[in-house]
Each structure stands twice: as C-alpha cells, then as structure tokens.
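Read the structure below first, then the notes.
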Amino acid sequence: MDPPRQSPKANLNREPRRGQGQSSTPPQKDAYARLLSQHHSSKFSVYLEQYAKDLSFQREGNGPGPVLGVQSDGLNMQQQMRDQVPNDLSNSTDFSLSSVKNKGGESSLSLYMEKLSTRNAQQECERKQGVSDRQRHGQRRDTTTSQDGDIESGEELGSTKPNVAKKHQKPHKKNKDASRDVALKEAELLPGLPQSPKKASSSEEKSKKSKKKVPPKQPDEEKNREGVLKCGVETQIARPKSPHGKDKKLQQPRTSSANSPADKSKNKGGRGSKKQVFEPYMTSEEVSHGLKRGELVQGQLRINPKKYHEAFIPSPDDARDIFLDGIVARNRALNGDVVVVQILPREQWKVVRSDTDCEGASGSDTQVERTAQTAQKKTNHAPRRGVATEDQCSDQEELVSKYRSMSLASAAEHLEDSSTPRSSGGILQKTAKVVYIVEKKHSRAVTGFLKFLPDKPFAMFSPVDHRVPRINVPLADCPEDFCSRPGDYTNTLFICRIVNWAADSNFAEGLLAKTLGQAGEIEPETDGILIEYDVDFSEFSDEVLDCLPKNLPWVIPPEEMSRRRDLRKECIFTIDPATARDLDDALSCKRFPDGNFEVGVHIADVSYFVEEGNFLDATASQRATSVYMVQKVIPMLPRLLCEELCSLNPLTDRLTFSVIWKITPEGKILSEWFGRSVIRSCVKLSYDHAQSMIEAPEKLFSPEELPPVDPVHPIDEIHQAVLNLHSIAKHLRAQRFSGGALRLDQLKLSFTLDKESMMPQGCYVYQYRDSNKLVEEFMLLANIATANHIYRKFPELALLRRHPPPKAKMVDELQELCSQLGIDIDLSSAGTLHTSLNTLLGNDEYSSARKEVLTHMCSRPMQMALYFCSGALKGEQHYKHYALNVPLYTHFTSPIRRYADIIVHRLLASSLKCGPHIGLSSGKVEKQSSHCNDRKTVSKRVQELSSELFFGVFVKECGPLDSEAMVMGVLDQSFDVLVLRYGVQKRIYCKSISGLASFHHRKVGKKSELTLVWLPEDLENPPVEQVICIFSLVEVQLKADEAPMKYSAVLKKPEDGRA
C-alpha cells in the first residue's frame, strides 16, 4: 500500500523542526532530524538544499522516489512493514519498537538527503504539471463530530493535511509537534507557497549579523516575530527587520486594491515593501447584489479549535458545509462572526472520502471551543508562528485533548486519522473565501500572555486560543516595568482586545484591557473565561438600579392585589437545588371530590418589575441569561430582584403568572387557566427533600427533617401533594415517550466546595432522579401550553423554540456504524431512538455506561434548538421541536434567568388583557431571539469550562484518581474513554502508554479496533494483548500535568485474565 503523499508545504514547515524537541525524542526517532538539529548554520542548510535540488534533477526522468520516512504516530516505519498489512483491511497501522530503528547500511545523511530530494522532486513535478497550492489542499479531507448537551452543540475534529494529522497522536512532545503546527499556521497566513525554512533562516541570520541589534540567542524568536514565511517560494523575501517598518504598519494600515491570492504570491516587492495578506472587503452594495443573485453565501463562521486553518459555514441548501481553507480565506473574521463568502472555482474545491467528512460542526463550538484556550501554560506561552522555534512551543493536539471535547471523534468514519490513504472516488466539498463581515459576534477579547521583543515598539501578545491571531500591543499600553522586568510577567494572564487588523499584516493590533493575575489560579482563569466570552459580570449601573422599587421592604400594592387571583391560602411550594437562591417556579396540587386534581405551575412575574424599554430592560435583554458557574452565578437581573422581590421565597407574598389545569389521575387535561396571581410558598424543598418523600410514601416526616414550613399547611399535606404530583408526572412522562419524544441524558459533574476558600473538596456525577423528573414534566407542560396560547393569539409575534431534525447524512452514517457494531438501533424518529437507547444495552452494572457512550454517538447528528419569531419563519412544519415531538414549544418557566421568558410573559399578559400594550414587532422579536440563542450557547459553554477548571484543580489537589472507563471511540493511534466515576472524557494516545511493546490498528468498514501488546513483567512470559474497541472496559488513572489546571488519563496495564 502506497503511503499517502505528503504536502510539500507541510514538509517545508515540519521537517526542520524535527530536531528541536531533541530532549524528549528517542535517539532512534528520526535520523535526518537528529542531523539537522546538529547543524544550524545557514551555509549547511543552503548546501543541503542545493544538494537535494541537484539530486532531484537527476531523478526527473523517473519522477519522485518513494518517501522513506513513512510514520506511524510520528515514528518511522519501514516500507516493507506496510506491505505486510492484511489485504482484507481497509485501514491498518502497525507500531513496534523495532520499527523505529534505522537499517544498518543507511547513514543519517543518506536518509535525510533521500527525504529532502523526494520532497523537492515532488514540488518540481507539481510545478511542471501546473498543480496549484490550493489544488493540493483540495486533496485534503476533514472529519467532524458533535456532542449534545442540550441537543444543541457540535465540534469539528478534522484534518486537512495528512502529515499534520499525525500530531493528533503526539500529546507529550511539548516542542516538536507544536513547532510544526506553528509553522503551518504561519504558512496558512500566506497567499502562496511558503519558502524553504532554511532559506528564510539564512536570510534572517545574515540580516541579524549585519545589524547586530539582536542578541545571538534570539534568532528563532526573531523569525517568529517577523513572519519569515510571509512571501512565497518564488519571492524568498524575509520580513523587514526595521522596527520602523513594523511601526508604520501599526500607524498606516494599507487598503490597496484587491489582488487574488495567486497574484499576491507572485509579487516580488523589495525587502521593505508591504504586501497585501488579505483581500479588501466588498462594499455593502456589492454584497447585497451578490446575495440576491445567489453568487454569495451568508453564514456563521466556525473555526475548528483543533485545526485552526480549517473553518466552515453552513450550506444554504443544508448540504455539506462550505469549507474555508486557511487564515487568508477567513480574511480576518473570527470564530462566531456572521460572514459573507464567495464560492471558489470548482477546481479549487476540496476532495473528501465520504459525505460525513464534509460536515462541519452541527451547531456551535460549545464542546471544544476553549480546549485550546485553557492549555496555555503547557507551552510556556510560546509563539505559535515562525519557522524554527526552539523553545516554548505547544502541541496543538495536546491542547485540545486535555479537556473534555474529544468524546465522539471516533464514532464513525471520523475515527480515521487523516493519514489514511483516500479511495479513488472522492467527494467534492465547496470551498470559499470571506469577502465581508456582516456582524462581529466574536468579542475580540482574548486571554493570553505578553512577550517582550527587543528593539521593538510593541510587545507580542500570544492568545491562548490558537484561532485568534498574534497581537501587537504598544509598549506604552504595557505595564510600566514590563520592558525592564519582562520575566516578572511570564506567568501573568492578560486580556487583550483587538482594535485593528490591517489587510497587509499577519498580526492584529490590540490594547490590554485587564491584568487577570497568575495563570493556574481559579479566579483569574474564571475572569478570563467570562471576558473572552463577552459575559457582562460588571456591577449594575445606577440607571439600572434606579428602575428598582425604592421603598424597602417592598409590599404588593393593594391595587395590584385586586387585579390578581389570590392563591396565598393554597398549598404551594418550590422544589429546587439546595443551593438555589433564584426560585422562579412553584407547584401546587389538590384533589377534587370527583378524584381529579387541580395542578398549578406558578412562575415569578418578572415582567411586572422589568418594564419594557427602561434601562433595566435594556440591560436584561443584552445579558439575555444568567450564567451559572461552579462557584458563583452571573445574574441577568440585579440581586434585589432575582434573589428577593421576584424569587418565590417561602412564607412571603409574591407576584406570579400561573397556569392551572384540571387534570385526571392519568394525566389527561380537562381544562386550563392562565392568569396573573399572588402566592405564598409554604416551604422551600430541595430535590433531596422531595426525593425522600417519593421514596417513603408512608413515612411521617418530622419538622426537623424539612426546612421551615408554614403552620397553615401541615407536613403531611405537603407530602401528599408531592406524591400526587409524582404519580401524575409518571403518567405524563409515559405519554410523552410513547408519543415519540426523546431524551438524551448527559452526565453532569458536580462539586462540593470549601465554604471559605471555595476550592473543590469533592466531586460526583449528578444523579437525575424522580424528583427532578417531577418538576421537569410540569415545566414542559406549562411551556407547551403557553406556546400554543401565545401563537394562537399572536401568530406573527410569538417567540417560540424549535428543534430541527438531525442531519440525515450523519444519521445514515451512524446507522451503518451501529449495524457493524451489532447494535440494532432504530434512528428513524426521535421516539424510536429513545426506545432503542433504553432497551438495547442490557441490565448489568455497565448498561448505564454503554447507554452513555451510545447517547454521545447519537448526539452527533443532532442540531441546535433555537428561539425564533413565528412571523419571521414561514411554514409551521419548521416550528416543530424534534426531541419533544411537539408542534409548538417555548420557554415560560424561568424569567429570572432567561430574557426570552420575559418576552413570552409580556405576550401572555397582553393576550389576557392583564398587562400593558406591548411595543413589539416581528423584527424586534426575531432579533432578540437570535441574541438569546447566542447568549444561551455562550452560557452553556462557560458553565462547561468552569466545571473543567474545577475538575482540573480537583485532580491536582486530590489525585491521582483511579477509575474504570469505557471506550467511546477508536482512532488509528489513540482512543477516547468515558471515565465512569467522574463522567469526564479523555483521549489516550498509544504512544504515550508506558509499558507498551507495540500496537496494531485495523478497520473494517466503519468499525475500528486497536490491539495493544504489553511487555510482560517477566520477560520469559509472552506479551499480553489487549483489544480496544467501542464499549471496551479499561482501567485508567487521572493524573495532574505539570501545566496548571491540566490532567491526563493514563491507561493501566490489564491483569492477564482481563486482557
């Protein structure tokens, strides 16, 4: 089997880096890399380059020879080993210790020259055949995966360069692989092919020698700063060294006329010339006409957090996502921005193996977005650009793998490493370039580290998020003593805001917004998360606070009481998490003499306090949601409202909006009433309290076992109401799922915190129990009832929530994978999927773990649930909520923490003639709906990042932690596991496993399998083999890394009997 052809451009960036991680590289690793690491002189580099070129010309008649350095997980593997791969396998990879040894007859120099000459011969052959750089890129493929937390998230896990993809399996090489990825990122900024790193190095060194301004130990840093790879192969021009040249760039960003990338790659300006890196944007008129004519496409940009040169926007025909290849194609747009793109000519489209390879993330980046952002310390905050960075380089794949986010990469064809050779029948995926930014949804604020640059009027800011460019920060904006004591700031986290990004610069310009503190500490890291995701956690302004009631303690005005239904004497209570302080829903249940029940859902009447159009309303609409972190809440409303006046605290009169049904014991609704009301909660129950009541129906609870209770309502009355609600809820739930609803449960990690330090003392997987299900059923019932009511009254204004069906192509791929795994799952509808998930996986102690793994696999095709305005979306068939299997749905039950619910309350009040006239239009509702979607996605992601942050601290303080784990997916040199005790997901790389003699991968159809061969403890015994496939049980240990907040999963050697 022929090895996959490696991109010449990738080789240029990769090979010179081989010698730089020397300390951590086995001596037999790579002969030419060792050689190169010993010869840094530019003369030697130029000599080798010329030697290789001459050798390639001698071979021209026969074409390029075979690449000798075919790698398995970055280790050399002899060609004859590939030839021994079984023919019946579509993809296999072998690795053993013997495979990395050089043949005795081959010297380091001959190996290096063979590899170098092969690369040059390939380049020369491609030039003669007229193969463009972008056409070679077109031979790449990418893979995707998505996870679902609220059935509305996704991630990309792709690769566009066969040789680059191998960094997926290099989590512990701190310098070598990252420097290769760094070079790739730099190269992607450029319009043409990159010049040889050695030539760039030569010119840089000569320049430095002549100027003698930079200390000798800084050459590689200088190359990073100056962007050595800016020019193409033909130009071979290094970036100007003069700080004045860079200063001019800061002060005078050029906006010259548009040149195509091909044109720009041919420019041969002088050393001081400014070259256009990015094309000028189209005018708004051009964009408008192009969109109307169908020549342009608008969509939200999603940049792959694992491979920042890959980006996608959704296709308007719901087909394969449109691919944007490289930073130049993104034209200064950042992740999340709404952009307009121009489709490139067909010959520049990307060739992929299968339909699913073309898919970008199904929704937002919520599962993986910050994995690269949170791993900054591993790298010593190194430059990500440049040709040869000897120190401070990070492994981009390690950054991604360190936190949750992996999960499903391995579920289907996405399990293939991109180094897998493609079959001849490829599928074309459209590629495009950004021509206009409609809305900059990215905050332009990033967390990162400052680096001092000698003889420069600016410092280099290195964002933790590799999808954001390096940023030049004026020294005047840096701390006063930064220039004299830059080492004091090595581990200091800053927030920088991008203020400009000129078309002729690879680097953005920015200003420091805040000094966060030391990296690795919870509060600075938390502040960094909030600022990066543009979460407003500032104190509420005086204008906002002026909108609140002044006379405290506040009491309900008599005239307001007279307009409402008085329910204060009813047995009404709240059920919430024990630590909750914003109680926005309460329940009631009393039996009628005929055996039926009156059930009420009572929701805090926030719209009474938040008047439409005032400062308070504007701030709430902008925040759109409260953000829940492990140690604190960032509220949408001032605490006076969310914790006091609106919160349905016990033994206090509160204003509410109520939905009251007459309902049979079997859950059949007989009548329904909506209206404003006044309640007085008799007790604040936690989920634990309610669960205790459900589990002990005959028990008489004492006052000491419960929180304070209103003496008007005896404990037994409350207990019976909980039992009645539970009974009705079970019927409602059964009806929902028999009617075709779906619930995809996801494991959630919870923490116990020290009350003083707020540091994690323990953690556990949150249990979703009958008390949770009780509350959920009645909240769903209220939301569905409200949706139908407001849509009937306001068919053009109703704010609703829809959930589109999963992507058909991905469902088909998943169906095929499950069939090959022997899982007879029915994915034809939400209901059949729910039934399959709950009946297929046995009743043993690991059935819940298998269900969790399969749930993650089934979450991949799911799309996001979205708010929308009924007047802005034509066709009621699009209103349906797939997972709930209902035609109309909205959010009504949490107005303290969700602004969408406040709008729904206003619509409901207006429809019932019990509220002020609303000044809403369809356009306003749709705009607010879109904003609520964005902020909900952000809130969810921030919550996940907070949990990851605390778990990283917990592992460091309390680890190592042992646990069983179940394999979720298998790649060719790594696999993903679900750590059962803690519910976290980690990737384990075969190469990093201690005590492993070799491993072998095989793939039949979509089913992947790894065989690990362990060295025996007693060398007289045979090796122990362990087979890794989806659903395999393994033992792992979670251990803290050297980098703060980071941890790894270490595979334990199996006992002989279990292997």
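The values are calculated or read from the model by the stated rules, or taken from the named source; none is laboratory data. Given the structure is predicted, the values throughout are model-derived calculations rather than measurements. Ideal geometry is used to build each Cβ from the backbone, glycine not excepted, and the neighbour counts take in all protein chains shown. Please note that ligands, DNA and RNA were not included when accessible areas were found on the heavy atoms of the full protein model with its side chains. Shrake-Rupley method; radii C 1.70, N 1.55, O 1.52, S 1.80 Å.
Kindly indicate whether any position in segment 562-573 is under 33 Å from the mean Cα position of the chain (by Cα) and in a strand (DSSP E or B).
no
Condition check ((1) more than 21 Å from residue 726 (Cβ to Cβ); (2) small (Gly, Ala, Ser)) across all residues:
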{"position": "548", "(1), (2)": "yes, no"}
{"position": "553", "(1), (2)": "yes, no"}
{"position": "568", "(1), (2)": "yes, no"}
{"position": "571", "(1), (2)": "no, no"}
{"position": "586", "(1), (2)": "no, yes"}
{"position": "590", "(1), (2)": "no, no"}
{"position": "601", "(1), (2)": "no, no"}
{"position": "604", "(1), (2)": "yes, yes"}
{"position": "611", "(1), (2)": "yes, no"}
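Take the residues in segment 1012-1059 that are in contact with a Phe, Trp or Tyr (Cβ under 7 Å, 6 or more places away or on another chain) and among the β-branched types (Val, Ile, Thr); name whichever of them is nearest to residue 529 (Cα to Cα).
Of everything passing the filter in segment 1012-1059, 1028 is nearest to residue 529 (Cα to Cα).
For segment 950-996, give me each residue that is at pLDDT 90 or above, more than 16 Å from residue 857 (Cα to Cα), in contact with a His (Cβ under 9 Å, 6 or more places away or on another chain) and among the charged types (D, E, K, R).
Result: 991, single match.
Take residue 940 and decide whether it is free of Cβ contacts under 8 Å to residues at least 12 places away in the same chain and open to solvent by 10 Å² or more (accessible area, probe 1.4 Å).
Considered against the rule, which asks whether it is free of Cβ contacts under 8 Å to residues at least 12 places away in the same chain and open to solvent by 10 Å² or more (accessible area, probe 1.4 Å), residue 940 comes out as no.
Please pick out the residue among 445, 409 that is modelled with pLDDT of 90 or more, within 27 Å of residue 934 (Cβ to Cβ) and of a type in the set (A, V, I, L, M).
Going through 445, 409 in turn, just one is modelled with pLDDT of 90 or more, within 27 Å of residue 934 (Cβ to Cβ) and of a type in the set (A, V, I, L, M): 445.
I want to confirm something. Restricting to segment 833-862 and keeping residues that are outside any helix (DSSP H, G or I) and more than 14 Å from residue 823 (Cα to Cα), which single residue is modelled with the lowest pLDDT?
843
Within segment 318-329, identify whether any single residue is small (Gly, Ala, Ser), open to solvent by less than 10 Å² (accessible area, probe 1.4 Å) and more than 20 Å from the chain's Cα centre (by Cα), and answer yes or no.
yes
Write out, first by first residue and then by second, each pair whose Cβ atoms fall under 8 Å of each other, whose residues are 6+ apart or on separate chains, and whose first residue, in segment 333-348, is within 8 Å of residue 433 (Cα to Cα) and modelled with pLDDT of 90 or more while the second is open to solvent by 50 Å² or more (accessible area, probe 1.4 Å) and not acidic (Asp, Glu).
Here the result reads 341/298; 343/430; 344/134; 344/430, each pair linking segment 333-348 to a residue that is open to solvent by 50 Å² or more (accessible area, probe 1.4 Å) and not acidic (Asp, Glu).
Residue by residue, here is whether (1) in contact with a Ser or Thr (Cβ under 7 Å, 6 or more places away or on another chain); (2) assigned to a loop (DSSP other than H, G, I, E, B); (3) open to solvent by less than 30 Å² (accessible area, probe 1.4 Å); (4) within 23 Å of residue 658 (Cβ to Cβ) holds:
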site	(1), (2), (3), (4)
864	yes, yes, no, no
868	yes, no, yes, no
874	no, yes, no, no
913	no, yes, no, yes
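List every residue pair whose Cβ atoms sit under 7 Å apart, with the two residues 6 or more apart in sequence or on different chains, where the first one lies in segment 589-600 and is in a loop (DSSP other than H, G, I, E, B) and the second, anywhere, is open to solvent by 60 Å² or more (accessible area, probe 1.4 Å).
596/662; 596/670
I'd like to check which strands (runs of 3 or more DSSP E) are fully inside segment 623-699 and have at least 2 residues that are under 28 Å from residue 594 (Cβ atoms) and open to solvent by less than 10 Å² (accessible area, probe 1.4 Å). It would help to see each step written out before you state the result.
Details: elements: 653-663, 669-680, 684-686.
The qualifying strands (runs of 3 or more DSSP E) are 653-663, 669-680.
Of all residues in segment 536-574 being free of Cβ contacts under 8 Å to residues at least 24 places away in the same chain and of a type in the set (Gly, Ala, Ser), which is nearest to residue 526 (Cα to Cα)?
Taking the candidates together, the pick is 538.
Kindly list the number of the only condition in (1) modelled with pLDDT of 90 or more; (2) closer than 25 Å to residue 809 by Cβ that fails for residue 328.
With respect to (1) modelled with pLDDT of 90 or more; (2) closer than 25 Å to residue 809 by Cβ, residue 328 is out only on (2).
For residues that are basic (Lys, Arg) and within 26 Å of the chain's Cα centre (by Cα), scanning just segment 743-772, find the one that is most open to solvent (accessible area, probe 1.4 Å).
Among those that are basic (Lys, Arg) and within 26 Å of the chain's Cα centre (by Cα), it is 748.
Provide a single number: the residues in segment 494-505 that are in contact with a Phe, Trp or Tyr (Cβ under 9 Å, 6 or more places away or on another chain) and touching a residue at least 60 places away in the same chain (Cβ under 8 Å).
Qualifying residue count for the region: 5.
Could you tell me which residue of segment 574-586 is farthest from residue 646 (Cα to Cα), considering only residues that are open to solvent by less than 10 Å² (accessible area, probe 1.4 Å) and not in a loop (DSSP other than H, G, I, E, B)?
Filtering segment 574-586 for residues that are open to solvent by less than 10 Å² (accessible area, probe 1.4 Å) and not in a loop (DSSP other than H, G, I, E, B), the one farthest from residue 646 (Cα to Cα) comes out as 575.
So which residues in segment 491-521 are over 27 Å from the mean Cα position of the chain (by Cα) and of a type outside the set (A, V, I, L, M)?
Within segment 491-521, 504, 505 meet the criteria.
Hey, can you tell me all the residues within segment 491-531 that are part of a helix (DSSP H, G or I) and polar (S, T, N, Q)?
Selection gives 526 alone.
Can you give me the ranges of the strands (runs of 3 or more DSSP E) entirely in segment 948-1059 with at least 2 residues that are among the hydroxyl-bearing types (Ser, Thr, Tyr) and within 30 Å of residue 493 (Cα to Cα)? Give the steps one after another, and end with the answer.
On the way: elements: 961-970, 974-979, 984-989, 996-1004, 1007-1014, 1024-1028, 1033-1040, 1047-1051.
Fully inside segment 948-1059 and qualifying: 1047-1051.
Each row is one residue, and each column tells you yes or no for (1) within 26 Å of residue 934 (Cβ to Cβ); (2) open to solvent by 20 Å² or more (accessible area, probe 1.4 Å); (3) of a type outside the set (A, V, I, L, M); (4) at pLDDT below 90.
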position	(1), (2), (3), (4)
510	yes, no, yes, no
518	no, yes, yes, yes
526	yes, no, yes, no
530	yes, no, no, no
561	no, yes, no, no
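Within segment 707-742, can you find the residues that are open to solvent by 30 Å² or more (accessible area, probe 1.4 Å) and within 30 Å of residue 978 (Cβ to Cβ)?
Passing the criteria: 730, 733, 734, 736, 737, 738.
Could you figure out which of (1) in a helix (DSSP H, G or I); (2) open to solvent by 20 Å² or more (accessible area, probe 1.4 Å) isn't true of residue 616?
Only one criterion is unmet by residue 616, namely (2).
When both residues are 6+ apart or on different chains and their Cβ atoms are under 6 Å apart, which pairs have a first residue that lies in segment 683-705 and is closer than 17 Å to residue 578 by Cβ, and a second that is open to solvent by 40 Å² or more (accessible area, probe 1.4 Å) and assigned to a helix (DSSP H, G or I)?
Between residues of segment 683-705 that are closer than 17 Å to residue 578 by Cβ and residues that are open to solvent by 40 Å² or more (accessible area, probe 1.4 Å) and assigned to a helix (DSSP H, G or I), the close pairs are 694/770.
I'd like to know if segment 476-490 contains one or more residues that are farther than 24 Å from residue 935 by Cβ, open to solvent by less than 10 Å² (accessible area, probe 1.4 Å), at pLDDT 90 or above and not aromatic (Phe, Trp, Tyr).
Among the residues of segment 476-490, not one is farther than 24 Å from residue 935 by Cβ, open to solvent by less than 10 Å² (accessible area, probe 1.4 Å), at pLDDT 90 or above and not aromatic (Phe, Trp, Tyr), which makes the answer no.
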